[in-house]
Amino acid sequence: MFTGRTKNLGILGWPVEHSLSPAMQNAALQKAGLDYVYVALPVQPKHLGDAVAGLRHMGFAGWNVTIPHKSEILPLLDDVHEDARVIGAVNTVVRSGEKLIGYNTDVAGFLAGLEAAGCTAEGKHAVMLGAGGAARAVLWGLCKSKVSDIVVGVRNPQKAQALADDFREYGRISVFHWANDVFAEALSQAELLINTTPIGMYPKVDDMPPVELKRLPKSALVYDIIYTPEKTKLLQEAERLGHSVVNGEPMLVGQGAEAFRLWTGVQPDEALMRRILREGLV
């Protein structure tokens, strides 16, 4: 039951009707017995400044941020955590006294996926596919995990080089076209392969990135941050070849759980959050 003391949370984006966060977060809040409510906050880009000012004045305890506002919200906040600053995007805002602080919990979510797969990334050779928005959080997570080196495979190396340059001070990063012989050699030494592209996402479930999985060592983990379908063609092929695989569900739940902790100081029931997520995807 909501009361006059109920604290407000939400997800800010445009559009947000498709978001599964309200169902996932409200279930976790109820299970934890917390007097909070989490709602969808559809805000057009042209109204973002007014919306943030309104949420500030209405005393919202915090909110998630999704496309297209993740970068544009940065100058509207009072402070930004290192992860969000390095990545250049905020996905979680937390009220601390009178201040609004921006975080990026996608990093924690990505690392939760590695943990779910029993993988320790430190010292490993990593290959990452894609250099879009999602790649920045993954790349930073790999750098924080102290991987040995990261080879990025893309369609447009010239465009992706800007991403590598942004992270140059944090790790050994190189960029190649995924048809390049040097990239093929990197695959043969990879201990961790991560797909950050949308290739294979519903409804184009028969697509997969153009990589030769047979080149991967059998011990390599294949991690696709897509969560719908549950197993992309990339993961199906990798599993058929004997690789351990993990999809994007632990990352999505992990980033939501980290936001929950930042807002409430309470550890949520992540198993419940994952069940609600999977039910919403069916």
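Out of Gly171, Gly132, Gly153, Gly118, one residue alone is modelled with pLDDT under 95 and under 19 Å from Met208 (Cα atoms). It is Gly132. Checked against (1) part of a loop (DSSP other than H, G, I, E, B); (2) among the polar types (S, T, N, Q); (3) closer than 24 Å to Glu270 by Cα, Thr3 meets all criteria but (3). When the stretch 265-275 is filtered for residues that are of a type outside the set (S, T, N, Q) and either part of a helix (DSSP H, G or I) or in contact with a helix residue (DSSP H, G or I) (Cβ under 8 Å, 6 or more places away or on another chain) (or both), the ones remaining, listed by number, are Val266, Pro268, Asp269, Glu270, Ala271, Leu272, Met273, Arg274, Arg275. Listed by first and then second residue, the pairs with beta-carbon distance under 9 Å, at least 6 apart or on different chains, first residue in the stretch 232-247 and surrounded by fewer than 22 Cβ atoms within 10 Å (Cβ to Cβ), second polar (S, T, N, Q) and part of a helix (DSSP H, G or I), are Val245/Gln236. Residues in the stretch 148-182 that are under 28 Å from Glu230 (Cβ atoms), in contact (Cβ under 8 Å) with a residue 40 or more places away in the chain and of a type in the set (A, V, I, L, M, F, W, C): Trp178 alone. Against the definition (touching a helix residue (DSSP H, G or I) at 6+ places or on another chain (Cβ under 8 Å), over 30 Å from Ile101 (Cα atoms), modelled with pLDDT of 95 or more and among the hydrophobic types (A, V, I, L, M, F, W, C)), how does Leu241 come out, yes or no? Here the answer is yes, as Leu241 does meet what is asked. All of Lys159, Lys124 fail the test of being at pLDDT 95 or above, over 18 Å from the mean Cα position of the chain (by Cα), among the charged types (D, E, K, R) and not assigned by TED's automatic domain parsing to the domain that holds Glu270, apart from Lys124. On the stretch given as the stretch 74-102, residues that are in contact with a strand residue (DSSP E or B) (Cβ under 7 Å, 6 or more places away or on another chain), within 16 Å of Gln255 (Cβ to Cβ) and not polar (S, T, N, Q) total 7. Within the stretch 183-192, being in contact (Cβ under 8 Å) with a residue 40 or more places away in the chain and of a type in the set (A, V, I, L, M) holds for Ala186, Leu187, Ala190, Leu192.
Total residues in the stretch 189-213 satisfying the condition of being surrounded by 14 or more Cβ atoms within 10 Å (Cβ to Cβ) and not hydrophobic (A, V, I, L, M, F, W, C): the figure is 9.
Of the strands (runs of 3 or more DSSP E) lying entirely inside the stretch 19-106, those carrying at least 2 residues that are at pLDDT 95 or above, within 24 Å of Asp166 (Cβ to Cβ) and β-branched (Val, Ile, Thr) are 92-96. Residues in the stretch 247-264 that are part of a helix (DSSP H, G or I) and polar (S, T, N, Q): Gln255, Thr264. Within the stretch 7-41, if we keep just the residues that are crowded, with 19+ Cβ neighbours inside 10 Å and β-branched (Val, Ile, Thr), the residue that is farthest from the chain's Cα centre (by Cα) turns out to be Val16.
The residue of the stretch 52-71 that is farthest from the chain's Cα centre (by Cα), among those that are more than 21 Å from Arg136 (Cα to Cα) and touching a residue at least 60 places away in the same chain (Cβ under 8 Å), is Ala61.
The values are calculated or read from the model by the stated rules, or taken from the named source; none is laboratory data. Here the structure is a predicted model, which is why all the values come from computation and not from measurement. Positions of Cβ are generated from backbone atoms using ideal geometry, with glycine treated the same way; all protein chains shown enter the neighbour counts.
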